[in-house]
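Have a look at the structure below before the remarks.
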Amino acid sequence: MIKEFRLPDLGEGLTESEILSWKVAVGDTVTLNQVIAEVETAKAVVELPSPFAGVIRELHEQPGSVVAVGNPIVSFEVPDDAALPPAAAAKGPANGAAATEGAAGTVTAVPEEGATEDAVAASAARGQSAVDAVPAPPKREPNLVGYGAVVESSGRPARRPRIFAPAGSSAADPSPVTPGQAGPAAAKPVESTVERPRSTPPVRKLARDLQVDLAQVAGTGPQGLITREDVQAFVHGAPGETGTPAEHRAAEQQSGEQPGKQPVVQGAGEREFRTPIKGVRKYTAAAMVESAFTAPHVTEFLTVDVTPTMELLGRLKASREFGALRLTPLTLAAKAVLIALRRNPSLNSRWDGAAQEIVTYNYVNLGIAAATPRGLTVPNIKDADRLSLAGLAEALAALTDTARAGRTAPAELSGGTLSITNIGVFGIDAGTPILNPGEAAILALGAVRTAPWEYRGEVALRQVITLSLSFDHRLVDGEQGSRFLADVGAILAEPGMALTMV
Amino acid sequence: MSTDETGQGAAAAPEMAETSPAVAHRLIQLITPAGERVSHPEFDFWVKDVSDEQLCSLFEDMTVIRRIDVEATALQRQGELALWPPLLGQEAAQIGSGRSLRQDDFVFSSYRENGVAYCRGVDLTDLVRVWRGNASSGWNPYAINMATPQIIIGAQTLHATGYAMGIQYDGADAVSVAYFGDGATSEGDVNEAMVFAASFQVPVVFFCTNNHWAISEPVRLQSHIQLADRAAGFGIPSLRVDGNDVLAVMAVTRLALDRARRGGGPTFIEAVSYRMGPHTTADDPTRYRDANELEDWAAKDPISRVAALLERKGLLTADFQQHVRDQADAVAHRMRKGCTTMPDPEPMDVFRHVYSTPNSWLDRQQEHYARYLASFGEPAGAATQEGAR
């Protein structure tokens, strides 16, 4: 007989666990309570003892997989008097009786014998009868604690769903709904727009199984409660039974459509949207939460007059060497960051909590935050510090093109050491960027604005940008962070300053 | 159920200097961790009747409840129990005290005293019934004179004190025993219970198993004095015993019971032991506990020290060891069988034991619940209903 073992709730209220390793292989013979696997829950790493004595027939899950509680993880071939340990099964009834007597007998440690004899006998008798009283196991599925009882349909009086009759306070509701009459859902549009449709868990399950949107179903129960029959009638399109708008279920509907109610229901759907959290959004959220709650962030701002950089940019674009390249303020800012990093290596480092070490990089994988059709990604340029300005411009152009096309390879997304986010393209001046997890710093470039600015002792219209630098205060002190930001600002304010730094 | 007659030899009882609240506590020990029987001027008296045979049966009981504990832990890992609070390491405290009780004494325990329940003769299936989520009460308390385990920390000390007041009114000489842990001594309930017990001088024994950890909270944070010293503040005499020494635990429990039976009022026992396992099967002690601590206490194991003593006495024969192993296996098997073949309760059973008299509010809930269950329908029933329409 094949016995399946399903993953139980190993803690209190856990929904899943990860299989760390199997201690057995298919074909192995195992004894009862032999450790067969190591499993990690949200609470602890635990060893799974075998629930059966038998032979492993199948391992349903591989190490590393996260398994929902209740899913089968291993199948056993067991003797037909299943689930009994072989040693125990081998023991005869006489042996069992003796054991009972012994156990009860140990209740006493008697300095003076006599008065307690009866008590011992009574205990023994009680123990004996209790053991014998264990009923022969009724035919039942192994009911694993933690994910609900299997409803046994046999041996129980057949129950019929009750038809809800209007009674008491609900008497005012028109129920059941007659053909053509506005049902409770239509009569109370306000309620139905703010609350989910009134029904019961089993009916909601039925609706989900039948892929019925309950918002489309008019309830005939008390106060508009959607009953099992309502859902079934909706599916079968029973004419006149419900006031069913039929657009979404047209394939299953033959008649009985009430298109007049559609706008009300549709209006209900538009007030809020629910989008499953998955993919890039889920990943981004996890990364941001991890970063925000592990690395203590500090953000500093510096506003600089970058007119000389913009003038340089203009000259470069006009030059033969750079004219063909896509040069932007981001290109020059990236170069400034790479130059400033050499003087401030602590910003190009990583906190390795597990090893209790700080990893300082001798290279720069420069991340560039990019808004893509799939959401935010931060691909990085490997060894950006070794690239010439032209090389950097080419790499930046390639990176953004790839990201916008949604073709960024996973390798380009990992291994970044420091990031730049160009919020200026959205017309924004400053912000407090959150670190890409594992990195020590991120620089946000604001928009380049023409603004009145002090220039040579007078107010002049200059091109001004605000730099926002966030850094991990575990790795970088205010001094290093400030020096780095000042260096970047100095280069952008006067590109010639780069000569003093290389 | 052992000391009743012994206790009446009161004239022979030595002076109880150790129990004076004012005296600093020395750990009472009769068997060293190495398995050496050491004599004690006051407490040898209380176990002088313990024969070799009985020493063997103490060893057997401790081994059996350890096996029960291991089996129940496995059952939890196999999804047959929702939760289990292991008692690993605390066998001597439970067996030594549990086997000192008379049948008409009454036990009010925490959730970890499964070894005490075993001593009281609990049916093995009943032992796991609550942990399987099969019933809200595992057994009939009056059948074995032990209340069902209390989950609320320390609340059972109030019940024990109240029961002891009842014994006092009845003029009986039974004793009420409250079992609780080190963490519970910080609870209001326990302190109130001790105030009342002292005020009315009721026959209650406060048996505190100091296993050093209140889940993740070490006892040293809970109390800057020995727990036994806390009793002095209530005017309750206390004893501090090596909780991993089954004989010493038995001796101090017998003394406390004897005092209570003779109208001497409450006694507080601190049994110093160690929780070798997790708080429950849902706990991971490696996150808060030093592994070295575990090693230190493993060397003080309650069972291996008795094994060493039996070895010295030449009692630890292969036959005896085999007998104990068989016994443990048989008990574990019966418990497993009882657990896995336990019939599920009917859904409506949840309403059955709430009130003894009819209650309209509950009736209404019951009716709602019946309707809820009915709304699941049944394949056969659905067809019938279609026909009826």
Given the options B:Ala307, B:Ala328, B:Ala318, state which has the largest fluctuation in a GNM of chain B using a 10 Å cut-off (strictly under) for Cα springs. B:Ala318
With +1 assigned to the C-beta of every Lys and Arg and -1 to the C-beta of every Asp and Glu, and no other charges, what is the dipole magnitude of the stretch A:1-46 about the Cα centre in debye, to the nearest 20? 180 debye
Could you give the C-alpha radius of gyration of the stretch A:277-364 expressed as a fraction of 2.2 N^0.38 Å, taking N as the number of residues it contains? 1.54
Specify the inter-centroid distance of the stretch A:311-379 and the stretch B:279-309, based on alpha-carbon positions, in whole Å. 55 Å
Magnitude of the charge dipole, the stretch B:4-340, Cβ model with Lys/Arg +1 and Asp/Glu -1, debye to 20: 380 debye
Taking a ≥ b ≥ c as the square roots of the Cα gyration tensor eigenvalues, with a/c under 1.5 meaning rounded and otherwise prolate when a/b beats b/c, else oblate, which class fits the stretch B:245-353? rounded
Candidates B:Phe320, B:Phe206, B:Phe43: whichever shows maximal mean-square fluctuation once chain B is modelled as a Gaussian network with Cα springs under 10 Å: B:Phe320
Which whole number gives the average count of other chain Cβ atoms within 10 Å of the Cβ atoms across peptide B:61-68? 1
Residue-averaged beta-carbon neighbours from other chains (10 angstrom radius) around B:117-128: 4
Relative to the compact globular guide of 2.2 N^0.38 Å, what is the alpha carbon radius of gyration of the stretch B:112-180, as a ratio? 1.16
Charge dipole magnitude, Cβ of K and R +1, D and E -1 - the stretch A:280-500, Cα centre, debye nearest 20: 680 debye
Given a 10 angstrom Cα cut-off, can you work out which residue in B:Ser356, B:Ser304, B:Ser199 is the most mobile in a GNM of chain B? B:Ser356
Mind checking B:324-336 for the average number of partner chain beta-carbons within 10 Å of each residue's beta-carbon? 5
Spelling it out for B:Met146: with amide H atoms placed in the peptide plane at 1.01 Å from N, the residues 5 or more places away or on another chain with amide H under 5 Å from its amide H are B:Val107
Using θ = phi - 60° and the Karplus form 6.51 cos²θ - 1.76 cosθ + 1.60, what ³J(HN,Hα) does each residue of the stretch A:18-24 get, whole Hz, x for Gly and Pro? 9, 6, 7, 7, 9, 9, 9
Approximate spin-label separation A:Glu38-B:Arg26, in nm, with each point projected 7 Å along Cα-to-Cβ: 4.7 nm
Please quote Rg/Rh for the stretch A:280-500 to two decimal places, taking the Kirkwood radius as Rh and restricting both calculations to Cα atoms. 0.96
Between B:Val64, B:Pro237, B:Thr317, whose Cα lies farthest towards the positive end of the dipole of the stretch B:4-340 when Lys and Arg beta carbons carry +1 and Asp and Glu beta carbons carry -1, centred on the Cα centre? B:Val64
Once both axes come from the Cα atoms, what is the angle between helix B:52-77 and the longest principal axis of chain B, in degrees from 0 to 90, rounded to 10? 30 degrees
Using only the Cα atoms of the stretch A:390-502, construct the convex hull and provide its projected area averaged over every direction, in square nanometres to one decimal. 9.3 nm²
Find which of A:Val24, A:Ala37, A:Asn71 sits farthest along the positive direction of the dipole of the stretch A:2-77, computed with +1 on the beta-carbon of Lys and Arg, -1 on that of Asp and Glu, about the Cα centre. A:Val24
By the Cα gyration tensor axes a ≥ b ≥ c (a/c under 1.5 gives rounded; else a/b larger than b/c gives prolate, otherwise oblate), the shape of chain B is prolate
Calculate how large, on average over all directions, the projected area of the Cα convex hull of the stretch A:2-77 is; give the answer in nm² to one decimal. 4.2 nm²
Could you sort A:6-18, B:90-102 so that the peptide with the highest average Cβ count within 10 Å comes first and the rest follow in order? B:90-102, A:6-18
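Rule-based calculations on the coordinates, nothing more; no lab input. Please read these numbers as outputs of a predicted model, since none were measured by experiment. All Cβ positions, even for glycine, are placed from backbone atoms using ideal geometry, and neighbour counts span all protein chains on display.
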